[in-house]
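For reference, the structure is listed below as structure tokens.
Please treat every number below as a calculation from the coordinates, not as lab data. None of the values given here were measured: they were computed from a predicted structure. Cβ coordinates were reconstructed from backbone atoms using ideal geometry, including for glycine residues, and neighbour counts include every protein chain displayed.
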Amino acid sequence: MLYFYGGLKMLESRDLQQQEQETHQDGQYFEQGEKASWIGIVGNILLTAAKMAAGIVGHSTAMVADAAHSASDIIASIVVLFSLKVAKKPADEGHPYGHGKAESLATATVGVFLLLAGFYIAFSAVESIVTGHVTEPGLLPLLAAILSITVKESMFQYTYRIGKKIQSPSTIANAWHHRSDAYSSIASLIGIFGARHGIVILDPIAGIGVTVFIIKMGWDITVDGINQLMDGFGNRILIDNISNMVKGCRGVCEIKTIKARQSGPFIYVDMKIGVDKSMSFEEAHNVAVEVKNKILDNNKKINDVLIHVDPVEMKVD
């Protein structure tokens with residue numbers, strides 16, 4: 001259906017649910033993201049239990065803090081899972097652009113969890129140093145750290161690959177949460193190994209060191225999620241590709257503006273083009289339709305395009 005208003009302003013609307021099916025293969029997008037979240041939830045529950053037990057029994061401050069970090073991963077994966085279930089709902093009267101922003105909100109939330117985990121690890125380690133409650137860790141925390149590094153890096157690789165494949169910002173953020181846990185375990189491994197060889201203070205110091213990675217990662221992910229919620233869009237390459245594509249379209253005299261915003265995995269484009277003012281209303285409309293179809297056909301990440309057509313003076317070389 002076509003709507004014209006404000007001169008030659010045109011919006012060709014598509015059924016959003018149908019378009020999601022075309023772009024993401026009948027819901028497979030969400031199914032893959034949800035599967036990655038469930039793997040994260042189950043994996044982190046098992047790791048949290050194993051690391052907490054190893055930290056307590058083996059007297060390792062770094063491993064206990066590492067277990068708390070894994071516990072935050074459980075919550076993060078649940079948040080991402082919930083956001084995917086909300087985001088896959090079709091557009092309705094109250095949400096004409098769909099529910100994709102649920103993913104952006106989840107991305108920011110995962111970032112906040114990372115920040116909190118980083119500060120908690122730093123606090124626990126500093127407290128151990130200040131109170132002097134530092135003991136030599138046993139062998140069990142060392143083995144738990146090695147296990148954690150192996151499992152969490154595998155979870156990062158899998159989740160990140162799925163996130164990139166389905167263009168899910170919250171799933172990608174969750175993958176980095178897994179990677180931060182692997183970093184945490186690497187620092188724990190170094191600290192525990194050193195402490196077992198007489199440098200006991202190395203264990204809580206390693207706990208402090210890992211917060212640098214986690215807090216930086218948490219900050220970047222939080223800012224990215226908030227930026228998406230505020231309709232920020234930093235993909236300059238995509239904008240340039242659209243511009244170059246539209247320049248070759250029949251009847252387009254100039255491109256005045258191109259704007260884009262992200263709603264979860266979906267991208268919406270608004271643009272203003274100029275056509276020869278001598279064109280009829282129908283001719284101008286056909287140019288806009290051709291431009292829109294070319295953009296949608298050449299980039300499956302784009303969910304819809306809104307085009308405003310302005311009459312301009314045809315340039316004569």
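Look at H99, H69 and count the other Cβ atoms within 10 Å of each Cβ; fewest to most, that gives H99, H69. Taking the fewest neighbouring Cβ atoms within 10 Å as the starting point, the ordered list for S278, S72 is S278, S72. Taking the number of Cβ atoms within 10 Å of each Cβ as an exposure proxy, the fewest-first ranking of T211, T171, T48, T131 is T131, T48, T211, T171. Phi angles of the stretch 265-275 translate, via the Karplus equation with coefficients 6.51, -1.76, 1.60 and θ = phi - 60°, into HN-Hα couplings of x, 9, 10, 10, 10, 10, 8, 10, 10, x, 10 Hz per residue; Gly and Pro are given as x.
Taking a straight Cα-Cα cut-off under 17 Å and skipping sequence neighbours fewer than 8 places away in the same chain, the lysines within cross-link reach of K294 are K247, K259, K272.
Near C249, once Lys and Arg are set to +1 and Asp and Glu to -1 for all other residues with Cβ below 11 Å from its Cβ, the sum equals +3. For the chain, the gyration tensor built on C-alpha atoms gives a prolate shape. Its axis ratio a/c (a ≥ b ≥ c) is at least 1.5, and a/b is the larger of a/b and b/c.
Around E103, under 11 Å between beta carbons, what's the net of Lys plus Arg minus Asp minus Glu among the other residues? Before the final figure, lay out each step's value.
Values: positive: K85, K88, K101; negative: none.
Spelling it out: positives minus negatives among the neighbours equals +3.
With unit charges on the beta carbons (Lys and Arg positive, Asp and Glu negative) and the dipole taken about the Cα centre of the chain, which residue among P204, L105, G264 sits farthest to the positive side? In the chain, that residue is P204.
With a/c under 1.5 counting as rounded, go ahead and sort the stretch 77-160 into rounded, prolate or oblate using the C-alpha gyration tensor (a ≥ b ≥ c being the square roots of the eigenvalues; past the cut-off, prolate if a/b is larger than b/c, else oblate).
Numbers: a/c = 5.31, a/b = 2.20, b/c = 2.41.
Oblate shape, in that a/c is at least 1.5 and b/c is the bigger or equal ratio.
Listed by chain and number, the lysines whose C-alpha is less than 26 Å from the C-alpha of K35, apart from same-chain residues fewer than 8 away, are K51, K85, K88, K89, K101, K152, K164, K165, K300, K301.
Remark: spin-label model distance I201-V57 equals 3.1 nm, labels positioned 7 Å along the Cα→Cβ axis.
Relative to the Cα centre, the charge distribution of the chain, modelled as +1 at Lys and Arg Cβ and -1 at Asp and Glu Cβ, gives a dipole magnitude of about 380 debye. What is the Cα centroid distance between the stretch 198-220 and the stretch 228-245, reported in whole angstrom? So the separation of the two Cα centres works out to 36 Å.
Over all orientations, the stretch 214-304 has a Cα convex hull whose mean projected area works out to 6.6 square nanometres.
Only helical DSSP H runs with n ≥ 4 go in: add -39500 (n - 2.57) per run for the chain, normalise by residue count and round the 222 nm mean residue ellipticity to 500 deg cm²/dmol.
Value at 222 nm, helices only: -23500 deg cm²/dmol.
Its relative contact order, with pairs defined as Cα atoms under 8 Å and 6+ residues apart, puts the stretch 133-221 at 32 percent.
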